């Protein structure tokens, strides 16, 4: 996970140097290996697929990588306002299109632009995927606020505050105060439920954005009238909808919480059709920061997580992130492992939306972004102003890392063998830093990082303590019984990677070592890949007992894409996916070497020292039919079979 996290930040830095984001629909376009062939709509941006990247960047101190994203929306503010007025009932403010083009409109289909536009109430022939998704702008505004809280950059807040302000103006105009004194509206529960009463995303958006905008306006000394309106409106927001854990079909209220059998719902219409595989009921946990491990609704949210309808669905799944926020370390480990095994399909760390290992023309960055985010959240959290150390780090995981926290500061943490070692805080501003006791029940103290004999916070067993921090100073939080001064010191060391990293036999980082180039015998259980009878072209390859013949020697030549050409030592012909077919069961023959992709094979080292050879053209593996002499060689989907695991000698 650490390697995948690191690769994410390098990849993100490479694609985030222009005026607009380098990723759309979760795709890392810059790294596509299929020229200009892309799924979805490359001229438009889905914010759902960008938000994990935004959050991961903030937590790692890489907020500058978010600049193109904020620019996408601020530079188009007037265009979004015009779009909102025209397509959202003449309302003021901004309804930010979930799928927004580079110029601020909500079209995503050039051929029939009104068939599936975002923020378009008149979207014919009726409700559509994002026609009434009205919460996107709130999410963007909240990331503006979160980034400001972390960096303390007032000029950044001033520049991007209009996104928060104008979204609030729109939400006030879009919702109507009913006879119950609460604000109601019909909208989408993102892409899951369409045109439903009081979708949870809208409730989340108002509950989170209104107080954040009040704080932002007060920090900037502006918008007194809007602040007053929001102070009134934040008391008019409906409660979260509930439903039953077993069927998700009953509409329940907060009174059902005591039963321990209800969960958060997606809207006030639980029986409405569901069109996507999102867990919108958990959005209050993340990204809206409304329910966490200190919330009175924690048990409700944990039940919702346990009984969520969609588990590990799609490469953009936020399961591990939400598990971290709910204080579920075992689930963090299980989710990260399962998601990575299934969706991380490329040796550079990029993934595939559905976990396809063949036939995919796009490389997706969102899975590794969410790995980075989940690791960050497992190690450090302070989204609500309370600094938590290793709140969801899985048992047995070691971690040495630095996270960026509110107030422009950092916290450096070491955890080994499940034991928190050092906690060092560098204050970015002069203010109190509230810390949850990293060693519950133990007596802890805070000392000056430059002079450990100076006690800043006297020993206490309290669940929380507050450090009276001064900007630029460092502090050590430590158990009184095990001060940092008593810990051993050792130099940092590292060993360069010489082999690919493999998770569960199918998710691989890196390709075979360069030393694989040369002449080799490829064998399975003593049966070598063989040019039968040292024959000529168009002959299907077989496996045969190793006999030292030249027709069992294969010259592996590295290609520019990291794959290998396999040329027979006797015939001089290349192992070839017959006819360039992508069908499982296609013969592997020897044919005149052409340099085409159907003669290129990606060698992947497995944990047991064997290799798989995947054809670049088909994405299928070099496979023998059996361990008997004369077994025919074909290309097949990766089944984990021993008949696909080759020894290279």
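The values are calculated or read from the model by the stated rules, or taken from the named source; none is laboratory data. Worth saying up front: this structure is predicted, and the values here are computed from it rather than measured. In this analysis, Cβ positions are derived from the backbone assuming ideal geometry, glycine residues included, and neighbour counts consider all displayed protein chains.
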**Prompt:** Under the condition of being buried (at least 21 other Cβ atoms within 10 Å of the Cβ) and in a loop (DSSP other than H, G, I, E, B), which residue from the stretch 361-382 is modelled with the lowest pLDDT?
**Reply:** 362
**Message:** Looking only at the stretch 305-326, count every residue that is surrounded by fewer than 23 Cβ atoms within 10 Å (Cβ to Cβ) and in contact with a strand residue (DSSP E or B) (Cβ under 7 Å, 6 or more places away or on another chain) and tell me the total.
**Reply:** 1
**Request:** Can you work out which of the residues in the stretch 467-502 that are touching a helix residue (DSSP H, G or I) at 6+ places or on another chain (Cβ under 9 Å) and either assigned to a helix (DSSP H, G or I) or more than 15 Å from residue 447 (Cα to Cα) (or both) is modelled with the highest pLDDT?
**Result:** 501
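Determine, yes or no, whether residue 128 is surrounded by 18 or more Cβ atoms within 10 Å (Cβ to Cβ), at pLDDT below 95 and assigned to a loop (DSSP other than H, G, I, E, B). Give the steps one after another, and end with the answer.
Working: surrounded by 18 or more Cβ atoms within 10 Å (Cβ to Cβ): yes; at pLDDT below 95: yes; assigned to a loop (DSSP other than H, G, I, E, B): yes.
Considered against the rule, which asks whether it is surrounded by 18 or more Cβ atoms within 10 Å (Cβ to Cβ), at pLDDT below 95 and assigned to a loop (DSSP other than H, G, I, E, B), residue 128 comes out as yes.
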**Item:** Considering residues of the stretch 82-100 that are in contact (Cβ under 8 Å) with a residue 60 or more places away in the chain and buried (at least 20 other Cβ atoms within 10 Å of the Cβ) only, the residue farthest from residue 148 (Cα to Cα)
**Value:** 88
**Asked** Of 281, 257, which residue is closer than 15 Å to residue 199 by Cα, outside any loop (DSSP other than H, G, I, E, B), assigned by TED's automatic domain parsing to the domain that holds residue 127 and modelled with pLDDT of 95 or more?
**Response** 281
**Asked** Within the group 393, 387, which residue is modelled with pLDDT of 95 or more and touching a helix residue (DSSP H, G or I) at 6+ places or on another chain (Cβ under 9 Å)?
**Response** 393
**Message:** Just to verify a result, which residue in the stretch 338-356, among those that are touching a strand residue (DSSP E or B) at 6+ places or on another chain (Cβ under 7 Å) and assigned to a helix (DSSP H, G or I), is nearest to residue 371 (Cα to Cα)?
**Reply:** 340
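One line per residue, one yes/no per condition, for (1) in contact with a helix residue (DSSP H, G or I) (Cβ under 9 Å, 6 or more places away or on another chain); (2) in the same structural domain as residue 24 (by TED's automatic domain parsing); (3) at pLDDT below 95:
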position	(1), (2), (3)
71	no, yes, no
74	yes, yes, no
80	yes, yes, no
85	no, yes, no
107	no, yes, yes
121	yes, yes, yes
**Complete:** Exactly one of 68, 42 is surrounded by fewer than 17 Cβ atoms within 10 Å (Cβ to Cβ) and without any contact (Cβ under 8 Å) to a residue 60 or more places away in the chain, and that residue is 42
**Item:** Criterion: out of contact with any helix residue (DSSP H, G or I) (no Cβ under 6 Å at 6 or more places or on another chain), without any contact (Cβ under 8 Å) to a residue 24 or more places away in the chain and either in a loop (DSSP other than H, G, I, E, B) or over 28 Å from residue 148 (Cβ atoms) (or both) - qualifying residue of 243, 247
**Value:** 247
**Message:** Looking for something modelled with pLDDT of 95 or more, part of a helix (DSSP H, G or I) and crowded, with 17+ Cβ neighbours inside 10 Å - is there at least one such residue anywhere in the stretch 174-181?
**Reply:** yes
**Complete:** Exactly one of 338, 301, 313, 233 is touching a helix residue (DSSP H, G or I) at 6+ places or on another chain (Cβ under 9 Å) and under 25 Å from residue 387 (Cα atoms), and that residue is 301
**Request:** Scan (1) on the phi < 0 side of the Ramachandran plot; (2) out of contact with any helix residue (DSSP H, G or I) (no Cβ under 7 Å at 6 or more places or on another chain); (3) not in a strand (DSSP E or B) for the single condition residue 562 breaks and write down its number.
**Result:** (1)
**Prompt:** What residue, of 194, 143, is part of a strand (DSSP E or B), in the same structural domain as residue 119 (by TED's automatic domain parsing) and in contact (Cβ under 8 Å) with a residue 40 or more places away in the chain?
**Reply:** 194
**Request:** Please work out which one of (1) surrounded by fewer than 21 Cβ atoms within 10 Å (Cβ to Cβ); (2) in contact (Cβ under 8 Å) with a residue 60 or more places away in the chain is the condition residue 280 fails and give its number.
**Result:** (1)
**Message:** at pLDDT below 80 and at positive phi: which single residue out of 548, 526, 518, 505 fits that description?
**Reply:** 505
**Item:** residue 576 vs. criteria closer than 26 Å to residue 356 by Cβ and not in a strand (DSSP E or B)
**Value:** no
**Item:** Residues of the stretch 327-337 classified as crowded, with 24+ Cβ neighbours inside 10 Å and either free of Cβ contacts under 8 Å to residues at least 24 places away in the same chain or not in a helix (DSSP H, G or I) (or both), total
**Value:** 0
**Item:** Selection within the stretch 257-275 - surrounded by 17 or more Cβ atoms within 10 Å (Cβ to Cβ) and out of contact with any helix residue (DSSP H, G or I) (no Cβ under 7 Å at 6 or more places or on another chain)
**Value:** 268, 269, 270, 272, 274
**Asked** Right, residue 218: touching a helix residue (DSSP H, G or I) at 6+ places or on another chain (Cβ under 6 Å), assigned by TED's automatic domain parsing to the domain that holds residue 132 and modelled with pLDDT of 95 or more or not?
**Response** no
**Request:** Could you list all residues from the stretch 592-610 that are crowded, with 21+ Cβ neighbours inside 10 Å and not in a helix (DSSP H, G or I)?
**Result:** 600, 601, 602, 603, 604, 605
